[in-house]
Amino acid sequence: MNIFVLVKRTFDTEEKIVVSGGKIQEDGAEFIINPYDEYAIEEAIQKRDALGGKVTVVTIGGEDAEKQLRTALAMGADEAVLINTEDDLDELDQYSSAYILSEYLKDKEADLILAGNVAIDGGSGQVGPRLADLLGINYVTTVTSLEIDGTNVKIVRDIEGDSEVLETSLPLLVTAQQGLNEPRYPSLPGIMKAKKKPLEELELDDLDIDEDDVEVKVETVEIYLPPQKAAGRVLEGDLSAQVKELVNLLHSEAKVI
Amino acid sequence: MDFRLSPDLMEMKNSIRDFIDNVVDPLAGQIDQDDHIPEHIMKLTKDIGLFGLSIPEEYGGTGIDMVGKCSIYEEIGRTSNGYTTVIGAHTGIGTVGIVDMGTEEQKRRYLPGMASGDIIGAFALTEPSAGSNAVALKTTAVRKGDKYILNGSKHYITNASIADLFTVMAVTDSSKGAKGITSFLVDKSAPGFIIGKTEEKMGLRGSHSSEIFFEDCEVPIENVLGVEGLGYVNALTILANGRAGLAARNLGSSQKLFELSVKYAHEREQFGKPIFEQQIIQHYLAEMAMDIETLRSFTYRVAWMVDQGMNVIKEAAMAKLLGSEIYNRIADKAVQIHGGLGYMKDFPIERYYRDARITKIYEGTSEIQKNIIAAQIHKEYMKTASPAHIK
């Protein structure tokens with residue numbers, strides 16, 4: 001099994017987001033592997049251990065993303081690839097990320113590509129499906145169970161409150177949903193070994209990509225924090241009056257009915 | 001002078017901290033109550049490689065230096081000290097002897113299993129009549145053909161109930177005092193080796209201390225660890241180097257208590273404002289923070305000295321003593337800041353308060369540490385003073 005995992009470096013979930021000058025401030029912030037990508041890495045390692053093969057983790061970003069790749073190697077991935085766009089591109093969007101990844105993966109003969117369901121920063125959930133489309137392979141999102149038998153794949157996916165069972169075949173791209181597995185913590189010997197594992201660094205030139213080909217198609221108009229949550233309102237009076245008022249408010253104020 | 005840890009070490013420290021805070025600590029209360037560490041926690045602890053902390057990479061461990069070990073010990077101090085002790089006793093006195101003094105054959109036989117946690121190590125020195133006065137050992141080992149026959153008993157042996165391999169000190173030549181003691185590696189399945197009852201303790205629950213008995217216990221000669229007659233001398237070095245690790249564990253527990261106290265002081269309101277706004281609480285926290293930074297600096301300096309191969313007998317005793325005193329005063333202040341809640345079992349503070357007390361007693365009491373420090377001061381003076389000054 002030739003397995004690839006798409007990994008994104010994201011803000012630590014415990015970080016306080018500070019917006020200043022229309023941008024999210026990164027100074028002094030801690031970064032982690034996108035938590036959904038951890039499920040993807042864990043699944044890839046388990047599948048490799050069961051079926052043999054190799055796990056390669058891939059990320060697009062700057063030099064700093066090497067840390068997250070080393071963590072993935074410490075968890076048990078075999079190789080890592082950093083597609084460094086720091087010098088070439090100011091920004092990336094779902095289109096440009098998927099395009100760059102497809103140029104990297106097109107001749108790699110991947111049997112299985114795993115990604116997180118969404119990244120906790122942008123939260124678009126688009127890069128995986130767009131990449132599968134560019135590569136012309138099947139894809140299934142929000143996967144909570146993955147069974148591979150030969151080239152046949154049986155999948156359970158989360159469909160918001162229920163689950164759907166699907167059958168498909170390799171080569172395949174899946175995006176991991178919470179519940180797929182319990183990601184391991186990098187072990188101490190794993191961290192030692194990770195130092196010696198190959199980490200390849202590529203730039204757009206190495207993939208024969210012209211900067212114009214990956215010009216972003218999404219324009220960010222504004223970045224702002226969600227408004228402070230206002231205090232709730234407690235209705236008073238006898239029960240039937242409260243119900244009447246509630247219906248009234250849902251209709252006139254909240255405008256949901 | 002560079003006080004930063006290497007990036008690899010930072011990664012290890014962070015991984016262990018996440019594991020301790022998110023996986024182990026939520027069960028710390030249960031471990032204390034049941035006096036038992038759940039099997040799945042032990043399994044995950046093995047998987048993450050904590051049991052191989054002192055074992056070189058070539059035998060399957062992590063093989064990090066003392067600074068590295070202390071930075072990990074600091075993190076495992078952030079939870080149930082019973083859990084901390086199970087790992088600390090194994091990775092410290094339980095394995096270091098074999099790593100430092102074992103023959104190649106002994107290392108190959110035991111270390112890979114000890115690194116994975118499949119073989120748990122324990123260290124058996126203390127006897128009912130030989131506590132602080134460790135040379136008064138009564139357990140004997142008599143050579144008979146290609147075996148030694150051990151007779152006697154030990155008590156308060158940490159990890160005894162779960163250990164597979166014991167490093168046992170026994171008298172091989174009673175005429176030579178401290179230099180007539182030999183270390184043996186005793187397998188739990190050795191004929192005549194009996195594990196006795198487990199003590200009920202005030203703290204460190206989840207870690208078991210038990211009696212062990214040797215009744216004509218047979219140990220093959222190839223299980224002598226190090227040189228015959230040098231067992232006690234070697235044990236002293238192992239114990240001395242390990243003291244920096246104890247200080248690091250106490251540092252972690254102190255840090256955890258401090259974090260809980262800062263949080264509580266900001267959340268708990270009395271007299272219409274958070275208690276943090278009371279100057280006395282601020283002063284308690286300032287004192288705690290100062291103690292912690294002092295302990296941190298000193299602990300890592302002693303660890304660094306161990307890594308340089310320097311003699312740390314005096315400094316390690318100081319670190320052990322300082323660590324236990326600071327931990328105890330911080331535990332006391334943490335209870336005080338938390339008030340009634342600090343005394344309740346629903347909250348972790350009282351557990352640390354109970355756990356802290358043993359640190360002034362085990363692995364050399366505070367009084368013994370002071371004796372060691374004073375003995376070294378005397379030795380240093382005698383080296384430099386001219387004979388005329390010495391009466």
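Bear in mind these aren't lab numbers, they're just calculated from the coordinates by the rules spelled out. Only a predicted model underlies this, so the values are computations on that prediction, with no experimental measurement involved. Positions of Cβ are backbone-derived with ideal geometry, glycine not excepted, and every protein chain shown enters the neighbour counts.
Stretch B:Glu200-B:Glu218 to full length: gain in nm at 0.36 nm per residue minus the Cα-Cα span?
Extra length available between B:Glu200 and B:Glu218 comes to 3.5 nm.
Give a residue-ordered list of calculated ³J(HN,Hα) values for region A:41-51 (Karplus: 6.51 cos²θ - 1.76 cosθ + 1.60, θ = phi - 60°; whole Hz; x for Gly, Pro).
5, 4, 5, 4, 5, 5, 5, 4, 5, 7, 10
Arranged from highest to lowest average of other beta-carbon atoms within 10 Å per residue, in what order do the peptides B:207-219, B:234-246 appear?
Ranking, from highest mean packing down: B:234-246, B:207-219.
Please enumerate, by chain and number, the aspartates and glutamates with C-alpha under 14 Å from the C-alpha of B:Lys154, excluding those fewer than 8 residues away in the same chain.
Here the aspartates and glutamates satisfying the reach criterion relative to B:Lys154 are B:Glu127, B:Glu199, B:Glu211, B:Glu215.
Over chain A, calculate the relative contact order: mean separation of alpha carbon pairs under 8 Å at least 6 apart, over the residue count, as a percent.
Relative contact order of chain A: 23 percent.
For a Förster distance of 51 Å, can you work out the FRET efficiency between the beta-carbons of A:Ser163 and B:Ala374, rounded to the nearest 0.05?
E between A:Ser163 and B:Ala374, to the nearest 0.05, is 0.15.
Neighbouring Cβ atoms within 10 Å as the yardstick, rank B:Ile120, A:Ile159 fewest first.
By the 10 Å Cβ count, ascending: A:Ile159, B:Ile120.
Calculate the spin-label point distance for B:Lys43 paired with B:Arg301, positioning each point 7 Å from the Cα along the beta-carbon direction, and give it in nanometres.
Taking the simple label geometry, B:Arg301 and B:Lys43 are separated by 4.6 nm.
Quick one: 3J(HN,Hα) in Hz for region B:333-350, Karplus 6.51/-1.76/1.60 with θ = phi - 60°, rounded, Gly and Pro as x.
3J(HN,Hα) across region B:333-350, in whole Hz: 5, 4, 4, 4, 5, 7, x, x, 4, x, 9, 8, 6, 5, 10, x, 4, 5.
Enter the Cα centre distance for the pair region B:302-379 and region B:124-198, rounded to the nearest angstrom.
Their Cα centres are 27 Å away from one another.
For region A:1-52, place one equal point scatterer on every Cα, skip the solvent, and apply the Debye formula. What is log10 of I(q)/I(0) at q = 0.16 Å⁻¹?
Per q value, in the given order, log10 I(q)/I(0) is -0.59.
Specify the angular offset, from 0 to 90 degrees and rounded to the nearest 10, of the alpha carbon long axis of helix B:366-384 from the longest principal axis of the alpha carbons in chain B.
70
Looking only at trypsin sites (Lys or Arg not before Pro) in DSSP loops with at most 14 other Cβ atoms within 10 Å, what is the longest site-free stretch of chain A?
The longest uninterrupted stretch comes out as A:17-105.
If amide hydrogens are placed 1.01 Å from N in the peptide plane, which non-local residues have theirs closer than 5 Å to the one on B:Tyr148?
B:Val219, B:Ile221
Going down the list A:Lys195/B:Lys107; A:Lys16/A:Lys47; A:Lys197/B:Lys256; B:Lys144/B:Lys179; B:Lys138/B:Lys379, which pairs span over 27 Å between their C-alpha atoms?
Over 27 Å Cα-Cα: A:Lys16/A:Lys47; A:Lys197/B:Lys256; B:Lys138/B:Lys379.
Using only alpha carbons, build the gyration tensor for chain A and give me the equivalent ellipsoid semi-axes, biggest first, whole Å.
37, 24, 19
For chain B, what does the helix formula give at 222 nm: sum of -39500 (n - 2.57) over DSSP H segments with n ≥ 4, over the residue count, nearest 500 deg cm²/dmol? Provide the component values of the computation, followed by the final result.
Details: 12 runs with 188 residues, N = 391.
Rounded to the nearest 500, it is -16000 deg cm²/dmol.
Just check the protein assembly as shown against the gyration tensor rule for me: Cα atoms, a ≥ b ≥ c as the square roots of the eigenvalues, rounded for a/c under 1.5, and otherwise prolate or oblate depending on whether a/b exceeds b/c. Write down the numbers at each step before the final one.
Details: a/c = 2.11, a/b = 1.59, b/c = 1.33.
In terms of gyration-tensor shape, prolate.
Give the average, rounded to an integer, of partner chain Cβ atoms located within 10 angstrom of each Cβ in B:12-19.
Mean partner shielding for this stretch: 5.
State the extension gain, in nm to one decimal, for the chain segment bounded by A:Lys154 and A:Glu211, taking 0.36 nm per residue of separation less the distance between their alpha-carbons. Could you put the intermediate results ahead of the total?
Working: separation 57, 0.36 × 57 = 20.52 nm, distance 3.91 nm.
Length gained between A:Lys154 and A:Glu211: 16.6 nm.
Evaluate the relative contact order of region B:287-391 (contact order divided by residue number), counting alpha-carbon pairs under 8 angstrom at least 6 apart; express in whole percent. The partial results should precede the final answer.
Details: 68 pairs, mean separation 28.3, N = 105.
Computed value for region B:287-391: 27 percent relative contact order.
Spelling out what I want: for every residue of region A:223-237, take phi, set θ = phi - 60°, compute 6.51 cos²θ - 1.76 cosθ + 1.60 (Karplus), and round to whole Hz; glycine and proline get x.
Result, ordered by residue: 10, 8, 7, x, x, 4, 6, 6, 5, x, 10, 9, 7, 10, x Hz.
Hey, what number do you get for chain A at 222 nm if only DSSP H runs of n ≥ 4 count, each worth -39500 (n - 2.57), divided across all residues, to the nearest 500?
Mean residue ellipticity, 222 nm, calculated: -8000 deg cm²/dmol.
What ratio of Cα Rg to 2.2 N^0.38 Å holds for region B:233-384? Intermediate values should be presented prior to the final figure.
Numbers: Rg = 17.8 Å, N = 152, 2.2 N^0.38 = 14.8 Å.
Rg over 2.2 N^0.38 Å, computed on Cα atoms: 1.20.
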